[in-house]
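Student: Let me begin by handing over the structure; questions about it come next.
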Amino acid sequence: MVIPHELESDVTATAPSEPKPDASSAPAQARHARPPAGPPFWQQSPRDVLAALDTDGRGLTTAEAARRLAVSGRNVFAPPRQRALVLQFLARFANPLLLLLLVAAGISGATGDVASALIITGMIVLSVTLDFVQEARAGRAAERLQKSVALTARVVRDGRGAELPAAEIVPGDVIELAAGDLVPADGLVLEANDCTAQQALLTGEPFPAEKRAGEAAAPGAAAGEAVNAVFMGTSIVSGSARMVACRTGAATAFGEIRDTLARRPPATAFESALRSFGLLILRIAVVMVAGVLVVNAAFHRPWLESFLFAVALAVGLTPELLPMVMSVTLARGAMRMAKQRVIVKRLSAVHDLGSMDVLCTDKTGTLTEARIRLERHVDAAGRDSARVLELAFVNSALQAGLRSPLDDAILRHAEVSAQGWRKRDELPFDFMRRCVSVLAEHDGEVALVTKGACEDVIARATRYEADGPASLAPLDDAARAQLARQFQALSADGYRVLGVAWKAMPAATPHVTVADERELTFAGFAAFEDPPKAEAAAALAALAAGGVTVKIVTGDHELVAEHVCRELNMPVAGVVTGAELDGLDDAALAARVEQVTLFCRVTPPQKSRVIRALRARRHVVGYLGDGINDAPPLHEADVGISVDGAVDVARAAADLILLDHDLAVLQRGVREGRRTFANIVKYVMMGTSSNFGNMFSMAGGTLLLPFLPLLPVQILANNFLYDLSEVPIPLDRVDESMLARPPHWDVGEIRRFMLVVGPVSSVFDFLTFWVLRSRLHAGPALFHTGWFVESMATQVLVIFVIRTRGNPLRSRPSPVLVATSLAVVAVALALPWTPPGRWLGFVPLPAAFLALLAPIAVVYLLAVDVVKRLFYRSFTGTQRSRAVTR
């Protein structure tokens with residue numbers, strides 16, 4: 001027997017509304033019969049629904065069912081049409097940066113630098129392969145969803161009940177449901193006997209929902225509010241029902257979710273930023289190559305040599321190791337997160353988690369324990385009452401049928417028992433009375449014990465216990481008003497409240513009828529709660545301190561959600577319900593979404609709207625959920641987060657899996673994501689500024705020198721050695737300041753940093769030019785050697801300045817990074833005296849130049865540190881000003 005919702009504290013949730021097929025899904029949707037266009041079937045009268053389905057509600061014949069099956073198709077989700085794996089793999093190369101790198105690899109090979117070409121190509125293929133393998137797992141979401149609802153059903157065919165595969169159900173079929181059954185299709189309830197359904201997988205609502213036959217639901221009523229309809233994949237908790245199938249396969253609410261998962265998700269923050277960065281490098285490379293070709297043509301230099309030099313400049317500007325550095329850094333971040341009990345499915349999600357500044361989460365199971373608990377049992381005056389607990393316990397222990405979560409919560413109170421009580425009869429729960437009564441005997445006395453919706457129980461009472469069973473008072477208007485206030489106070493505290501009453505019966509009473517449920521004595525209230533997790537408050541505070549705004553997006557009632565927030569010391573800035581959200585267009589929602597903390601009584605499509613509105617405001621959004629109803633928003637978010645115990649489709653749609661359903665685990669994962677993000681940005685900042693500075697110097701050198709500043713092969717050698725020095729970046733330490741706030745990949749900041757810091761190196765390059773030409777009277781070979789060594793020394797050593805926004809002497813780099821960088825500088829200094837150096841065209845350097853190299857490098861590093869600090873001070877102030885303006 002299932003205890004119903006009481007009217008005032010009914011926690012209403014909604015399931016997906018009528019599917020809206022788009023052009024891509026229209027043919028599939030058309031194969032499934034459904035009620036005529038207009039309101040969804042639960043908002044239509046039973047007569048209209050049956051007429052539209054061309055059935056009398058007594059079942060189909062086998063022949064008619066076969067005919068409809070040929071028209072509507074099987075009650076399954078057809079696998080989405082996908083491109084061949086090879087085409088899916090090749091599509092991942094459609095990125096400006098990767099295309100530029102492939103061109104660079106091809107040109108390197110064509111100019112004789114086969115080693116560089118193979119290295120660049122190998123890194124690109126490895127990076128793309130890692131991403132492809134990781135993300136292929138999420139593509140199985142639709143298949144797992146189909147398996148999760150595969151079942152058989154008892155269908156009325158030819159006037160008899162028959163057990164048939166659910167895949168053979170067609171619109172118009174009459175289906176018999178009993179406690180424990182999964183609902184095989186969306187349909188209208190024709191008959192119901194004490195029937196309740198668990199809809200948590202679709203609505204997120206943990207309490208069973210009543211189902212009964214009757215008139216159409218009110219216009220505008222969402223699926224979760226329709227007591228006259230059941231939906232595929234939900235389960236029958238108690239009672240029995242008979243339904244007529246209205247929607248099957250892809251046309252069901254499950255089908256809508258499945259179609260959402262089959263579509264390609266929107267580009268994440270990481271993917272968008274990487275594409276923008278690739279376009280930036282591509283534009284600069286094109287401009288630089290064109291400029292160099294024009295200058296060399298004006299000086300009538302050999303065309304082929306000028307072209308190879310210009311191409312070498314473009315290759316030198318490109319951060320060839322970026323795919324490898326990103327993949328290694330992300331993979332290392334994924335391994336570190338695994339130690340924090342977070343499993344990474346999509347590597348780039350590590351970056352997105354670190355950048356996340358808004359986390360949307362469901363309430364149940366994330367902020368709460370997802371275990372309903374009887375929190376209070378009080379009398380009419382609000383005082384704790386052991387008697388109320390005893391009466392509620394007896395009622396729950398002696399009633400027949402499947403128990404509700406509320407009954408389970410009562411029976412967990414081991415301090416009381418039903419020992420000594422003997423059941424004589426029972427009045428089962430029905431949704432007209434909204435209560436359950438048990439006739440029981442104890443010590444020779446017989447009593448009727450009633451438990452149910454407060455309004456119905458109080459309406460049947462004429463007395464109440466003013467101070468225990470020995471002190472009874474009439475339930476007059478004043479007393480009823482007092483009970484109403486007590487009930488409202490409990491509801492405002494977020495409790496789900498039932499009323500408990502009793503009535504003395506004659507000792508010889510063998511059984512009871514509904515007429516006996518009158519003139520009851522009201523004993524008190526049983527108040528239930530899904531308690532907040534003990535550790536959730538600290539995790540929420542840590543996330544807020546780290547710049548992550550948490551928003552609750554739930555199917556629960558706003559009073560319950562507000563109560564949980566108060567318990568967790570989480571400020572509530574605003575509340576929007578699903579009904580209110582439907583009244584907002586996208587622009588209005590985007591304007592409000594920033595100021596709202598709670599989105600309550602929302603459907604999965606509405607959850608997705610909230611995610612899209614936040615992303616439209618340029619937030620990096622994470623979504624944490626574990627039910628089927630959470631799959632669409634998991635798909636829409638920059639980073640979808642689920643838990644190990646989640647349903648298959650939620651785990652498949654997620655990018656990260658928490659092995660512990662604990663926000664503290666997520667908070668630690670956020671720090672690891674930021675650590676990974678910081679190291680990727682380090683490489684980008686170092687590589688772009690240094691490469692731009694060097695390429696700018698080379699381009700300028702073509703105007704000042706009668707020969708090329710460096711030969712093409714020397715440019716590639718310079719670039720290769722520099723990239724080699726940055727290989728250990730994934731292992732580098734990260735300043736605490738980089739972990740304090742959500743970082744964002746700002747291509748504008750990268751461009752400005754490149755344009756500000758890059759020319760600083762060019763100033764010292766031109767100083768080196770002057771020393772080599774004016775003091776050492778260097779010819780082409782000595783000039784090439786001297787500038788190559790100076791460029792390598794300054795370019796590599798400046799890593800230790802750029803890798804931190806603070807004082808480089810206080811930020812300790814990784815020992816591996818120090819060792820690798822110093823080794824590369826040593827190789828560059830020694831190269832002119834080696835056979836490979838002579839092959840590259842280098843000659844031994846005079847001692848005078850080496851003596852000048854040290855002060856040039858030291859002054860350069862000091863200058864970059866000053867410019868860097870001024871840049872970040874100015875950039876931070878500009879960002880703060882923009883934030884205030886916005």
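Student: Identify, please: which residue in region 838-849 is touching a residue at least 12 places away in the same chain (Cβ under 8 Å) and not in a loop (DSSP other than H, G, I, E, B) and is, among those, nearest to the chain's Cα centre (by Cα)?
Tutor: F849
Student: Considering region 564-573 alone, what residues qualify as being at negative phi and out of contact with any Pro (no Cβ under 9 Å at 6 or more places or on another chain)?
Tutor: R566, M570, P571, V572, A573
Student: Out of the strands (runs of 3 or more DSSP E) lying entirely within region 318-394, which hold 1 or more residues that are closer than 25 Å to V572 by Cα?
Tutor: Strands (runs of 3 or more DSSP E) meeting the threshold: 358-361, 373-379.
Student: A follow-up question, please. Looking at region 346-386, which of its residues are within 23 Å of the chain's Cα centre (by Cα) and hydrophobic (A, V, I, L, M, F, W, C)?
Tutor: Result: L347, A349, V350, L353, M356, V358, L359, C360, L367, A370.
Student: Give the number of residues within region 427-446 that are open to solvent by less than 20 Å² (accessible area, probe 1.4 Å) and either closer than 25 Å to A508 by Cα or over 46 Å from the mean Cα position of the chain (by Cα) (or both).
Tutor: Count: 9.
Student: Looking at region 328-354, which of the residues that are free of Cβ contacts under 8 Å to residues at least 40 places away in the same chain and open to solvent by 30 Å² or more (accessible area, probe 1.4 Å) is farthest from D644 (Cα to Cα)?
Tutor: Among them, the one singled out is M335.
Student: Here is a further query. Of the conditions (1) in a helix (DSSP H, G or I); (2) touching a Phe, Trp or Tyr at 6+ places or on another chain (Cβ under 8 Å), Y683 satisfies every one except a single condition; which number is it?
Tutor: Evaluating Y683 over (1) in a helix (DSSP H, G or I); (2) touching a Phe, Trp or Tyr at 6+ places or on another chain (Cβ under 8 Å) leaves (2) as the failure.
Student: Does region 725-734 contain at least one residue that is closer than 26 Å to R275 by Cα, out of contact with any Leu (no Cβ under 8 Å at 6 or more places or on another chain) and of a type outside the set (S, T, N, Q)?
Tutor: Scanning region 725-734, I find at least one residue that is closer than 26 Å to R275 by Cα, out of contact with any Leu (no Cβ under 8 Å at 6 or more places or on another chain) and of a type outside the set (S, T, N, Q), so the answer is yes.
Student: Testing V801 on (1) modelled with pLDDT under 90; (2) under 19 Å from M685 (Cβ atoms); (3) crowded, with 16+ Cβ neighbours inside 10 Å, one condition comes back false. Which one is that?
Tutor: Here V801 meets the rest and fails (1).
Student: Okay, next question. Using the structure shown, decide if A386 is modelled with pLDDT of 90 or more, open to solvent by 30 Å² or more (accessible area, probe 1.4 Å) and over 30 Å from M754 (Cα atoms).
Tutor: Spelling it out, A386 is indeed modelled with pLDDT of 90 or more, open to solvent by 30 Å² or more (accessible area, probe 1.4 Å) and over 30 Å from M754 (Cα atoms).
Student: Restricting to region 47-76, name every residue that is of a type in the set (K, R), surrounded by fewer than 18 Cβ atoms within 10 Å (Cβ to Cβ) and part of a helix (DSSP H, G or I).
Tutor: R47, R67
Student: Among residues belonging to region 452-502 that are closer than 12 Å to A380 by Cβ and of a type in the set (F, W, Y), point out the one that is surrounded by the fewest Cβ atoms within 10 Å (Cβ to Cβ).
Tutor: F487
Student: Could you list, ordered by first residue, the pairs with Cβ atoms under 8 Å in which the first is in region 786-802 and touching a residue at least 40 places away in the same chain (Cβ under 8 Å) and in a helix (DSSP H, G or I) and the second is among the basic types (K, R) and open to solvent by 10 Å² or more (accessible area, probe 1.4 Å), at least 6 apart or interchain?
Tutor: Once the first residue is touching a residue at least 40 places away in the same chain (Cβ under 8 Å) and in a helix (DSSP H, G or I) and sits in region 786-802, its partners that are among the basic types (K, R) and open to solvent by 10 Å² or more (accessible area, probe 1.4 Å) give I802/K682.
Student: Hey, another quick one. Against the definition (surrounded by fewer than 20 Cβ atoms within 10 Å (Cβ to Cβ) and either not in a helix (DSSP H, G or I) or not hydrophobic (A, V, I, L, M, F, W, C) (or both)), how does R751 come out, yes or no?
Tutor: yes
Student: Could you list, in sequence order, the residues of region 763-781 that are crowded, with 20+ Cβ neighbours inside 10 Å and assigned to a helix (DSSP H, G or I)?
Tutor: Once the filter is applied, which keeps residues that are crowded, with 20+ Cβ neighbours inside 10 Å and assigned to a helix (DSSP H, G or I), region 763-781 yields F764, D765, T768, F769, L772.
Student: Checking A740 against (1) assigned to a helix (DSSP H, G or I); (2) surrounded by fewer than 19 Cβ atoms within 10 Å (Cβ to Cβ), which test does it fail?
Tutor: Unmet condition: (1).
Student: Turning to a different aspect of this structure: Looking at V286, V311, which one is open to solvent by 10 Å² or more (accessible area, probe 1.4 Å), modelled with pLDDT under 70 and under 23 Å from V684 (Cβ atoms)?
Tutor: Among V286, V311, only V311 is open to solvent by 10 Å² or more (accessible area, probe 1.4 Å), modelled with pLDDT under 70 and under 23 Å from V684 (Cβ atoms).
Student: What's the number of the condition L710 fails, among (1) over 27 Å from F299 (Cβ atoms); (2) crowded, with 24+ Cβ neighbours inside 10 Å?
Tutor: Looking at each condition in turn, L710 falls short on (1).
Student: Check every one of the helices (runs of 4 or more DSSP H) wholly within region 524-597 and list those with 1 or more residues that are in contact (Cβ under 8 Å) with a residue 24 or more places away in the chain and within 30 Å of D456 (Cβ to Cβ).
Tutor: Passing ranges, in order: 558-567, 578-582.
Student: Can you run down the residue pairs with Cβ atoms below 9 Å, 6 or more apart or on separate chains, where the first is in region 407-425 and within 17 Å of A386 (Cβ to Cβ) and among the charged types (D, E, K, R) and the partner is open to solvent by 40 Å² or more (accessible area, probe 1.4 Å) and modelled with pLDDT under 90?
Tutor: Sorted first by the residue in region 407-425, then by its partner, the pairs are R412/R373.
Student: Only one residue in E529, E519 is among the acidic types (D, E) and either within 16 Å of H377 (Cα to Cα) or open to solvent by less than 40 Å² (accessible area, probe 1.4 Å) (or both), so which one is that?
Tutor: Result: E529 is the single residue among E529, E519 that is among the acidic types (D, E) and either within 16 Å of H377 (Cα to Cα) or open to solvent by less than 40 Å² (accessible area, probe 1.4 Å) (or both).
Student: Condition test on S814, is it surrounded by fewer than 20 Cβ atoms within 10 Å (Cβ to Cβ), farther than 22 Å from G687 by Cα and among the polar types (S, T, N, Q)?
Tutor: no
Student: Let me ask another. Mind checking which residues of region 532-558 are in contact with a helix residue (DSSP H, G or I) (Cβ under 7 Å, 6 or more places away or on another chain) and buried (at least 19 other Cβ atoms within 10 Å of the Cβ)?
Tutor: P532, A536, A539, L540, L543, V548, V550, I552, V553, T554, G555
Student: Right, something else. Could you tell me which numbered condition A561 fails, if it satisfies all but one of (1) over 20 Å from A349 (Cβ atoms); (2) touching a strand residue (DSSP E or B) at 6+ places or on another chain (Cβ under 9 Å); (3) modelled with pLDDT of 85 or more; (4) of a type outside the set (S, T, Y)?
Tutor: (3)
The values are calculated or read from the model by the stated rules, or taken from the named source; none is laboratory data. Since this is a predicted model, take the numbers as computed values, not measurements. Neighbour counts are summed over all protein chains in view; Cβ atoms, including those assigned to glycine, are modelled from backbone coordinates with ideal geometry. Keep in mind that these areas ignore ligands, DNA and RNA; they rest on the heavy atoms of the full protein, side chains included. Shrake-Rupley method; radii C 1.70, N 1.55, O 1.52, S 1.80 Å.
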